[in-house]
Amino acid sequence: MTKYIFVTGGVISGIGKGITTASLGRLLIDRGFKVSVIKIDPYLNVDAGVMNPFQHGEVFVTHDGAETDLDVGNYERFLGLDLNQHANFTTGSVYSEVIKKERRGDYLGETVQLIPHVTDEIKRRIYQIGKDTDADIVITEIGGTIGDFETPPFVEAIRQMAVDVGRENTMFLHVSLIYTLPNGESKSKPTQHSIRKLQELGIQPDLLLCRTSQPLDESIRMKIALLCGISAEYILEGLDTKCIDEIPLNFEKQGMGHLVSKKLGLERRATMDTEWVAMVEKLKNPKHNTRIAIVGKYTTGNDAYISVQEAVKHGGIANEAAVDIEWIDSETLTEQPNLDTVFEHVDGILVPGGFGYRGIEGMLVTAQYARENHIPYLGLCLGMQCLVIEFARNVATLKKANSTEVDEETPHPVIDLMPEQRAIADLGATMRLGLYPCVLKENTKSYAAYQQPIIVERHRHRYELNNRYRATLESAGLCFSGVSPDESLVEIAEVTEHPWMVGSQFHPEFQSKPLAPHPLFREFIGAVLGYQRQTRACVSPEN
Ligand code: GLN
């Protein structure tokens, strides 16, 4: 029978429920259990597809083409699984389903209400994941913070689930903040209040993860245990850490896997996997250090490119290197007279995905700089389109070449809207989304990376390389090393006369995992280290 774990958050948003959920999932998988994960988002958007990445972070794409919350990416990376569209749902999607059923007459004249109709729809979705994946344990993370206006229907649904399946098959994990005053004193009252709020809604947390910037004081643990009715051994510490991959190990040291198994009456089936431990060891003890620039639109340290950031790290793990990232706002580059100073300290350049015209010219000068100076370059989706546009303008002499997304009047639309996109008016869920196969050409950098003739990768875009320009660009030295099986779409472009300049129309970052670094990121960081060896060797120590 499937067991259910629910994760809620207290006091502040961004408390780390996603990484906690993912880390617990990892521990349970390492104990031999089949785990599935769901993220519930209490906002009214139907999915994350049209949400601003600056405000909300990256839109993560599943293999079946759902545009989901970035936590689904964290789950996939920690669990080493590919999840699907059902792994993330929102208030918006629940309500639209209920209203659709009401319009269809499915409720047979009943008054349609928050309880039971909305709560039933929420429960149905969680149970369905358990059935579909045949999971031993389904972990459901409730987005938002307890006390928000938006969360009560979800909290009520999970309260009812505990009644339906039995309290012994359910576990409530609350992640909450222990606030540290400037004088170093820890305060548990905000956490006590959030637990009390949860209790008012009918839920008694079984396990409390205290997020804290300093080790959890025993007196705080005892106080919370007494006042909130949580057994002291089930009050764990979630100390701030820079290395998120270490979090499952920190939890395991405190016995989280054992405590959860005990509470749910689960017998351990395997010994703790050492693969994750070895990966963290590698991550913490790199043999090399290097630095790359990511040149994009959103650079202020939010999570707009979280999968790219993680995939770069994975490429580093595969090369035993720590990779520092210098974030560069592409809009600042067009007025920059000297790119040498901008890129002085980096050994590689990555241009990630993006939409709209803003910042494009800065990405184009970046691509040109990387090409002319033989700096390893990886272009992802828009970054690939920039590689192509720059090459068209400056090598194939197609002056003013552009993407029609940027300039509809360009004389050379080397990147253009896909024909099937022309009639589409809605923005939500209408792009080329999800997995598509791609055939690789032998003797190319892409083939060398993947070592196989056919690959499948995740997409999220409306524009494509314009086939009218394929021959011109090819004869100028651009190699289309990956194409769709019917050859109608270019999926990878690389500059032949360059040590490593590769752009993919798809998003390889979505499939990269710490235990399985993506081949393109592995090769990119390999090339970055090669460039570093070559260039830094000529620099005297005084410099
Ligand atoms: N804006 C471009 C397109 O729609 C690139 C999209 C992306 O980078 N994800 O094709």
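The values are calculated or read from the model by the stated rules, or taken from the named source; none is laboratory data. Bear in mind the structure is a predicted one, so any value in this text is a computation, not a measurement. Quick reminder, even Gly has a Cβ in these numbers, built from the backbone with ideal geometry, and neighbours come from all protein chains shown. Only protein heavy atoms, including side chains, enter the accessible area calculation; ligands, DNA and RNA are left aside. Shrake-Rupley method; radii C 1.70, N 1.55, O 1.52, S 1.80 Å.
Tyr95 versus (1) more than 30 Å from Asp136 (Cβ to Cβ); (2) modelled with pLDDT under 95: which is the lone unmet condition?
With respect to (1) more than 30 Å from Asp136 (Cβ to Cβ); (2) modelled with pLDDT under 95, Tyr95 is out only on (2).
Given the options Leu198, Leu177, Leu181, Leu173, name the one that is more than 27 Å from the chain's Cα centre (by Cα) and under 22 Å from Leu226 (Cα atoms).
Selected residue: Leu198, the only one of Leu198, Leu177, Leu181, Leu173 that is more than 27 Å from the chain's Cα centre (by Cα) and under 22 Å from Leu226 (Cα atoms).
Only one of (1) open to solvent by 20 Å² or more (accessible area, probe 1.4 Å); (2) modelled with pLDDT of 95 or more fails for Val277. Which number is that?
Every listed condition holds for Val277 apart from (2).
Acidic (Asp, Glu) and open to solvent by less than 20 Å² (accessible area, probe 1.4 Å): does that describe Glu102?
no
Conditions (1) in a helix (DSSP H, G or I); (2) modelled with pLDDT under 95; (3) open to solvent by 10 Å² or more (accessible area, probe 1.4 Å); (4) away from the ligand (no atom under 16 Å from the Cβ), marked per residue:
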| residue | (1), (2), (3), (4) |
| --- | --- |
| Val308 | yes, no, no, no |
| Val312 | yes, no, no, yes |
| Asp324 | no, no, yes, yes |
| Gln336 | no, yes, yes, yes |
| His345 | no, yes, yes, yes |
| Tyr369 | yes, no, yes, yes |
| His374 | no, no, yes, yes |
| Gly383 | yes, no, no, no |
| Pro413 | no, no, yes, no |
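Only one of these conditions is not met by Lys262: (1) more than 26 Å from the chain's Cα centre (by Cα); (2) in contact (Cβ under 8 Å) with a residue 12 or more places away in the chain; (3) surrounded by fewer than 20 Cβ atoms within 10 Å (Cβ to Cβ). Which number is it?
(2)
Starting from the range 455-467, take each residue that is within 16 Å of Leu427 (Cα to Cα) and list its partners that are of a type in the set (Asp, Glu) and within 10 Å of the ligand (Cβ to nearest atom), counting only C-beta distances under 7 angstrom and pairs at least six apart or across chains.
If the second residue must be of a type in the set (Asp, Glu) and within 10 Å of the ligand (Cβ to nearest atom), the pairs left are Tyr463/Glu405; Tyr463/Asp416.
Name every residue in the range 421-448 that is within 17 Å of Phe506 (Cβ to Cβ) and within 14 Å of the ligand (Cβ to nearest atom), in order of residue number.
Result: Gln421, Met431, Arg432, Leu433, Gly434, Tyr436.
If you take the residues in the range 477-518 that are surrounded by 22 or more Cβ atoms within 10 Å (Cβ to Cβ) and aromatic (Phe, Trp, Tyr), which one is nearest to Ile375 (Cα to Cα)?
Step by step, filter the range 477-518, then rank; the result is Trp500.
For residues that are open to solvent by less than 50 Å² (accessible area, probe 1.4 Å) and either within 18 Å of Thr334 (Cβ to Cβ) or within 13 Å of the ligand (Cβ to nearest atom) (or both), tally how many sit in the range 385-406.
Residues that pass the stated criteria total 13.
Just the residues that are crowded, with 18+ Cβ neighbours inside 10 Å and either out of contact with any Asp or Glu (no Cβ under 8 Å at 6 or more places or on another chain) or at pLDDT below 95 (or both), please, taken from the range 170-185.
Answer for the range 170-185, where residues must be crowded, with 18+ Cβ neighbours inside 10 Å and either out of contact with any Asp or Glu (no Cβ under 8 Å at 6 or more places or on another chain) or at pLDDT below 95 (or both): Thr170, His174, Val175, Ser176, Leu177, Ile178.
Please report, ordered by residue number, the helices (runs of 4 or more DSSP H) entirely within the range 1-82 with at least 1 residues that are under 15 Å from Phe251 (Cβ atoms) and among the acidic types (Asp, Glu).
Passing ranges, in order: 17-30.
Might you check whether a residue that is crowded, with 24+ Cβ neighbours inside 10 Å and closer than 30 Å to Ala48 by Cβ occurs anywhere in the range 419-436?
Among the residues of the range 419-436, not one is crowded, with 24+ Cβ neighbours inside 10 Å and closer than 30 Å to Ala48 by Cβ, which makes the answer no.
If you take the residues of the range 347-367 that are within 15 Å of the ligand (Cβ to nearest atom) and of a type in the set (A, V, I, L, M, F, W, C), which of them is most open to solvent (accessible area, probe 1.4 Å)?
Phe355
Which of the numbered conditions does Thr133 fail, given that it passes all the others? Conditions: (1) modelled with pLDDT of 95 or more; (2) open to solvent by 30 Å² or more (accessible area, probe 1.4 Å).
The number of the failed condition is (1).
Table: residues versus (1) surrounded by fewer than 24 Cβ atoms within 10 Å (Cβ to Cβ); (2) under 14 Å from the mean Cα position of the chain (by Cα).
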position	(1), (2)
Thr8	no, no
Ile12	yes, no
Lys17	no, no
Thr20	no, no
Arg31	yes, no
Lys39	no, yes
Asn45	yes, no
Val50	yes, no
Glu58	no, yes
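If you check every pair at least six apart or on different chains, which have Cβ atoms under 8 Å apart with a residue in the range 117-140 that is under 15 Å from Leu81 (Cβ atoms) and touching a residue at least 12 places away in the same chain (Cβ under 8 Å) first and a residue that is surrounded by fewer than 21 Cβ atoms within 10 Å (Cβ to Cβ) and among the charged types (D, E, K, R) second?
Listed by first residue and then by second, the contacts come to Thr133/Lys34; Asp134/Lys34; Ala135/Lys34; Asp136/Lys34; Ile137/Lys34.
Among the β-branched types (Val, Ile, Thr), within 25 Å of the chain's Cα centre (by Cα), in a helix (DSSP H, G or I) and buried (at least 24 other Cβ atoms within 10 Å of the Cβ): is that true of Val295 in this structure?
Spelling it out, it is not the case that Val295 is among the β-branched types (Val, Ile, Thr), within 25 Å of the chain's Cα centre (by Cα), in a helix (DSSP H, G or I) and buried (at least 24 other Cβ atoms within 10 Å of the Cβ).
Does Glu267 satisfy the criteria of being farther than 21 Å from Asp148 by Cα, open to solvent by 80 Å² or more (accessible area, probe 1.4 Å) and in a helix (DSSP H, G or I)?
So Glu267 does not fit the description; no.
When you scan the range 449-471, how many residues do you find that are in contact with an Asp or Glu (Cβ under 7 Å, 6 or more places away or on another chain) and more than 16 Å from the ligand (Cβ to nearest atom)?
1
Among strands (runs of 3 or more DSSP E) lying entirely in the range 157-241, which contain 3 or more residues that are touching a residue at least 60 places away in the same chain (Cβ under 8 Å) and under 19 Å from Val260 (Cα atoms)?
The strands (runs of 3 or more DSSP E) meeting that bar are 170-177.
Collect the residues in the range 465-484 that are of a type outside the set (A, V, I, L, M) and more than 28 Å from the chain's Cα centre (by Cα), keeping them in residue-number order.
Listed by number, the residues that qualify are Asn466, Asn467, Arg468, Tyr469, Arg470, Thr472, Glu474, Ser475, Gly477, Cys479.
Against the condition part of a loop (DSSP other than H, G, I, E, B), small (Gly, Ala, Ser) and open to solvent by 70 Å² or more (accessible area, probe 1.4 Å), how does Gly109 come out, does it pass?
yes
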